[in-house]
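Below are the structure tokens for one structure; questions will follow.
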Amino acid sequence: FKGDDTCEYLLSSGRFLGEKVWQPHSCMMHKYKNSEAKNCLIDKHIAFLGDSRIRQLFYSFIKIINPQVKEEGNKHGNIPFEDKSASIKVDFLWYPEVNGSMRQRIKSWTEGSVAKPHIIVAGAATWSIKIHNGSNEALTQYKINITSIAPLLEKLAKSSDVYWVLQDPVYEDMLSESRKMITNEKIDAYNEAAVRILNSSSRNSKAKVKLFSVSKLIAQETMMKSSDGLHLPESSRDTNAMILMNVYCNKIMKPIDGSCCQPQPPLTLIQKLAFCFFTVSIIGYLIISLIHRNNYRKNKSCTDLEIGEEKKPAINAPNVSTLEMLLHCFCKLGLIMTYFYLCDRANLFMKENKFYTHSSFFIPIIYILVLGVFYTENTKETKLLNREQTDEWKGWMQLVILIYHISGASTFLPVYMHIRVLVAAYLFQTGYGHFSYFWIKGDFGVYRVCQVLFRLNFLVVVLCVVMDRPYQFYYFVPLVTVWFMVIYATLAVWPQIVQKKANGNCLWHAGLLLKLICLLACIYFLSYSQGAFEKIFSFWPLSKCFELNGNVYEWWFRWKLDRYVVFHGMLFAFIYLALQKHQMISEGKGDPLFSSRVSNVLLFISIVSFLTYSIWASSCKNKTECNELHPSVSVVQILAFILIRNIPGYVRSVYSSFFAWFGKISLELFICQYHIWLAADTKGILVLIPGYPMFNVIVSTFIFVCVAHEISQITNDLAQIVVPKDSSTLLKRLLCVAGCFSALLLFSAMQEQSRH
């Protein structure tokens, strides 16, 4: 750990991921689009001074602003570029040697007679080596000239960003005869002189000329692909230009996936209040623990000498234990949230870009599959989609999704389409599980609703406060929350139709189907009426929950992507429970779900359907087109999996306890990964141990899983306290929660006002 100056790392160190992806040491690079580059450089003047190598860098830089630019113009002359739409001016100034002419140009900017550029990129040496045939006198003169230029560059660095580009190595075997005197030994000597002189001149100065030395590392890996042994291949100079753009623009544009050169964000008012709350909780818990222990010692059971009986300490145990449990939960949560903040908001730990390879995704998948099969046990019950089986299903899906995220597999379309089915399967289980509960139990009480909403949303609300992120940022929780309320509203509104009532009259089944048809019609209407959808969720305070980047488009896109699958889950639950009621399926241990003939036919159809969907998903060429079809066809693979998993009696009677354990904390795993396993809000990877990728993944994964498990325990404990069964107490707690949310909305509005 050398401090939090990631700009220095970006300019000086890094490595290649694969052949073309450059990974700076400790931080993440953003790939700027031309629109972003224009927004960053608006009204700016950039000057490139140097030889043909600097001219290459100049062209790569302006191609980020305007990709249509062609490399035309006098090779040994000045080349201007201007983007009038953003008032950006970029000039290449031909100065192949560090001499009096270059000094005069730089001096003119310091004297104020000419408008000075906002960014200056300079560098030269190979021409001096070539013209003077690599003589030592030329090196001596170079040192004299750069010594005279250094104070002028330092003066400019006080108001402009000044970069001195060190010379890249050459590929000596490919050099032409006229360039044979340009050797790597000579280049190293010139670089050493430049580094020594520029560093010494800025030693006692706050302003500093930044040394662009990372280009040397890039050239060492790619120079053999050069066309002439002297100039970098196009991909390498594009990387250098993108590094320059990150150095200057990251602190202005603040891209999520560009952590290099970004300062640590200041604490917001809400974050400060959260910090105070957790600090008070920790202190309060410690004080109560000490008092409780002292009272325990003083009032320890003792024998009364007169009557020979034990005296019990008269302590109001329930009140003390409830308060202590509450403070204990917030104490642990406070320490965990501190870790979250340090990992993904403070510039303490390193972050790296993701890089996808087939092996980085499929090898871990095979590994966890073997582990899952190894931990096979018998289920307590053999019903279709029993509790152990649904936990197992959630568990392996969550592990696959985690591997998908950390490996960056979203860039590989076939994997992306299959992961979309796993997300849809979670929502299918939401529809199936909540419909089954309300249909069988008929419990539409406030207690049930509050319990579900608390367990779903507690962690996300805390993270919104601590990490300063909008609720919609954790898109999956808003999704399952809204769908739970839709299921509740569908079944709870008049007439309330539940299994007990429907058993007395078959017409109630028709009534429920009519409700489901109305729900399907509403879903269909909203999916094709973006305006109506946005109006519903744009009303305050709903807009505070569902807006992201100032609009609800992201929420509409996420909702639309799996719009039918919850309905499919509800319909499947209704059909299954009806078949079960009429004893049309066999759920005994070892028995097939249907008769042998029907089971075999359904099993064959399911396997064919499963494979057909996989073939279609693997042949996808366009993500947008496949996403349009996904809501209608994802249910095919989900139903096929359910039937394959449940029709054979033996398969239905066993489950993987390994996957089921992860399934019980799947929601916490999904949310926690955003900040303490991945980094930069899922755009990168958290690096706790630099230089050892495999060891880093093992350590960060262990901590991540432990934290997710602990948060699951904390949520369960707090749910018992915050959402009690007693109606009057629950009403008081709800009023307190409403007050807290009102305060959060008020503070949030104050923050927004102060930002603007």
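Given the conditions (1) under 36 Å from the mean Cα position of the chain (by Cα); (2) in a strand (DSSP E or B), which single one is not true for A86?
All conditions pass for A86, except number (2).
Which residue out of L139, L153 is in contact with a strand residue (DSSP E or B) (Cβ under 7 Å, 6 or more places away or on another chain) and not aromatic (F, W, Y)?
Testing whether each residue is in contact with a strand residue (DSSP E or B) (Cβ under 7 Å, 6 or more places away or on another chain) and not aromatic (F, W, Y) leaves just L153.
Among the residues of segment 238-245, is there at least one that is modelled with pLDDT under 95 and either among the small types (G, A, S) or open to solvent by less than 30 Å² (accessible area, probe 1.4 Å) (or both)?
no
Go through segment 612-628 residue by residue and tally those that are open to solvent by 70 Å² or more (accessible area, probe 1.4 Å) and not in a helix (DSSP H, G or I).
1
Out of (1) crowded, with 22+ Cβ neighbours inside 10 Å; (2) under 24 Å from I406 (Cβ atoms), the odd one out for R652 is which?
So R652 meets the others, but not (2).
Inspect all residues belonging to segment 709-724 and state whether any of them is more than 24 Å from D391 (Cα to Cα), in a helix (DSSP H, G or I) and not hydroxyl-bearing (S, T, Y).
yes
Of the residues F438, F428, which single one is aromatic (F, W, Y), touching a Lys or Arg at 6+ places or on another chain (Cβ under 9 Å), touching a residue at least 40 places away in the same chain (Cβ under 8 Å) and open to solvent by less than 20 Å² (accessible area, probe 1.4 Å)?
F438
Moving on to the next point. Please indicate, with yes or no, whether at least one residue in segment 113-127 is among the hydroxyl-bearing types (S, T, Y), open to solvent by 10 Å² or more (accessible area, probe 1.4 Å), out of contact with any Gly (no Cβ under 9 Å at 6 or more places or on another chain) and assigned to a helix (DSSP H, G or I).
Within segment 113-127 (the criterion being among the hydroxyl-bearing types (S, T, Y), open to solvent by 10 Å² or more (accessible area, probe 1.4 Å), out of contact with any Gly (no Cβ under 9 Å at 6 or more places or on another chain) and assigned to a helix (DSSP H, G or I)), the answer is no, since none of the residues qualifies.
What are the pairs, 6+ residues apart or on separate chains, where a residue within segment 456-479 that is open to solvent by less than 20 Å² (accessible area, probe 1.4 Å) has its Cβ under 7 Å from a residue that is acidic (D, E)?
Cβ pairs passing all conditions: L459/E668; M467/D344; Q472/E547; Q472/E554.
Also, I was wondering about something else. Grab the helices (runs of 4 or more DSSP H) fully contained in segment 506-611, keeping just those with 2 or more residues being within 22 Å of F476 (Cβ to Cβ) and aliphatic (A, V, I, L, M).
Answer list for segment 506-611: 507-527, 565-581.
Continuing with the same structure: If the Cβ limit is 6 Å and pairs must be 6+ apart or interchain, which residue in segment 658-680 that is touching a residue at least 60 places away in the same chain (Cβ under 8 Å) and closer than 13 Å to E392 by Cβ pairs with which residue that is among the basic types (K, R) and open to solvent by 20 Å² or more (accessible area, probe 1.4 Å)?
So the pair list comes out as G663/K394; S666/K394.
Search segment 711-733 for residues being hydrophobic (A, V, I, L, M, F, W, C) and open to solvent by less than 70 Å² (accessible area, probe 1.4 Å), and hand back the single one that is nearest to L667 (Cα to Cα).
The extreme case among them is I711.
Restricting attention to segment 201-214, does a residue exist that is in a helix (DSSP H, G or I) and more than 23 Å from Y142 (Cβ to Cβ)?
Within segment 201-214 (the criterion being in a helix (DSSP H, G or I) and more than 23 Å from Y142 (Cβ to Cβ)), the answer is no, since none of the residues qualifies.
Sticking with this one: Can C7 be described as in contact with a Cys (Cβ under 7 Å, 6 or more places away or on another chain), within 30 Å of N145 (Cβ to Cβ), surrounded by 13 or more Cβ atoms within 10 Å (Cβ to Cβ) and not small (G, A, S)?
So C7 passes the test.
Determine whether segment 248-261 contains at least one residue that is assigned to a helix (DSSP H, G or I), within 24 Å of the chain's Cα centre (by Cα) and farther than 30 Å from S748 by Cα.
Yes, segment 248-261 contains a residue that is assigned to a helix (DSSP H, G or I), within 24 Å of the chain's Cα centre (by Cα) and farther than 30 Å from S748 by Cα.
Restricting attention to segment 601-608, does a residue exist that is surrounded by fewer than 17 Cβ atoms within 10 Å (Cβ to Cβ) and either within 28 Å of the chain's Cα centre (by Cα) or over 28 Å from E381 (Cα atoms) (or both)?
Checked segment 601-608: at least one residue is surrounded by fewer than 17 Cβ atoms within 10 Å (Cβ to Cβ) and either within 28 Å of the chain's Cα centre (by Cα) or over 28 Å from E381 (Cα atoms) (or both).
Which condition number does A532 fail, the rest of (1) open to solvent by 50 Å² or more (accessible area, probe 1.4 Å); (2) farther than 19 Å from I440 by Cβ; (3) of a type in the set (A, V, I, L, M) being met?
Of the numbered conditions (1) open to solvent by 50 Å² or more (accessible area, probe 1.4 Å); (2) farther than 19 Å from I440 by Cβ; (3) of a type in the set (A, V, I, L, M), the odd one out for A532 is (1).
On to the next question. Say we look at segment 34-73 and pick out the residues that are free of Cβ contacts under 8 Å to residues at least 12 places away in the same chain and assigned to a loop (DSSP other than H, G, I, E, B); which of these is surrounded by the most Cβ atoms within 10 Å (Cβ to Cβ)?
G73
Shifting gears a bit: Please give the number of the condition I676 fails out of (1) open to solvent by 40 Å² or more (accessible area, probe 1.4 Å); (2) touching a Ser or Thr at 6+ places or on another chain (Cβ under 8 Å); (3) not charged (D, E, K, R).
Going through the list (1) open to solvent by 40 Å² or more (accessible area, probe 1.4 Å); (2) touching a Ser or Thr at 6+ places or on another chain (Cβ under 8 Å); (3) not charged (D, E, K, R), I676 breaks only (1).
Something else: When M181 is evaluated against the numbered criteria (1) assigned to a loop (DSSP other than H, G, I, E, B); (2) touching a His at 6+ places or on another chain (Cβ under 9 Å); (3) under 19 Å from G14 (Cα atoms), which criterion, by number, is the only one it fails?
It is condition (3) that M181 fails.
Six or more apart or on different chains, Cβ under 6 Å: which pairs go from a residue in segment 709-736 that's under 17 Å from R448 (Cα atoms) to one that's at pLDDT below 95 and not in a helix (DSSP H, G or I)? Could you list them?
Partner pairs satisfying both residue conditions: L730/P724.
Among the numbered criteria (1) in a helix (DSSP H, G or I); (2) open to solvent by less than 50 Å² (accessible area, probe 1.4 Å), which one does I497 miss?
With respect to (1) in a helix (DSSP H, G or I); (2) open to solvent by less than 50 Å² (accessible area, probe 1.4 Å), I497 is out only on (1).
Now a separate question. Would you confirm, using the coordinates I've provided, whether Q141 is surrounded by fewer than 19 Cβ atoms within 10 Å (Cβ to Cβ) and touching a residue at least 12 places away in the same chain (Cβ under 8 Å)?
Here the answer is yes, as Q141 does meet what is asked.
If I go through segment 379-428 residue by residue, how many of them are among the basic types (K, R) and farther than 29 Å from S359 by Cα?
Within segment 379-428, residues that are among the basic types (K, R) and farther than 29 Å from S359 by Cα number 3.
Does A502 satisfy the criteria of being open to solvent by 20 Å² or more (accessible area, probe 1.4 Å), out of contact with any strand residue (DSSP E or B) (no Cβ under 6 Å at 6 or more places or on another chain) and of a type in the set (G, A, S)?
Against the criterion (open to solvent by 20 Å² or more (accessible area, probe 1.4 Å), out of contact with any strand residue (DSSP E or B) (no Cβ under 6 Å at 6 or more places or on another chain) and of a type in the set (G, A, S)), A502 does not qualify.
Residue by residue through segment 16-28, note down the ones that are in contact (Cβ under 8 Å) with a residue 12 or more places away in the chain and either open to solvent by 30 Å² or more (accessible area, probe 1.4 Å) or under 20 Å from L153 (Cα atoms) (or both).
Hits for segment 16-28 are F16, G18, K20, V21, H25.
Same structure again: Filter segment 650-679 for residues that are hydroxyl-bearing (S, T, Y) and either in contact with a helix residue (DSSP H, G or I) (Cβ under 6 Å, 6 or more places away or on another chain) or under 21 Å from M694 (Cα atoms) (or both) and give the result.
Within segment 650-679, Y655, S656, S666, Y674 qualify.
Can we say S614 is within 30 Å of K383 (Cα to Cα) and touching a residue at least 12 places away in the same chain (Cβ under 8 Å)?
yes
To continue, here is another question. Checking F278 against (1) at pLDDT 90 or above; (2) hydrophobic (A, V, I, L, M, F, W, C); (3) open to solvent by 70 Å² or more (accessible area, probe 1.4 Å), only one condition comes out false. Which one?
In the conditions (1) at pLDDT 90 or above; (2) hydrophobic (A, V, I, L, M, F, W, C); (3) open to solvent by 70 Å² or more (accessible area, probe 1.4 Å), F278 misses (3) alone.
The values are calculated or read from the model by the stated rules, or taken from the named source; none is laboratory data. Predicted model only: the values in this text are computed from it and were never measured. Every residue, glycine among them, receives a Cβ derived from its backbone with ideal geometry; neighbour counts consider all protein chains shown. Just the protein is used for accessible areas: all its heavy atoms, side chains included, with ligands, DNA and RNA removed. Shrake-Rupley method; radii C 1.70, N 1.55, O 1.52, S 1.80 Å.
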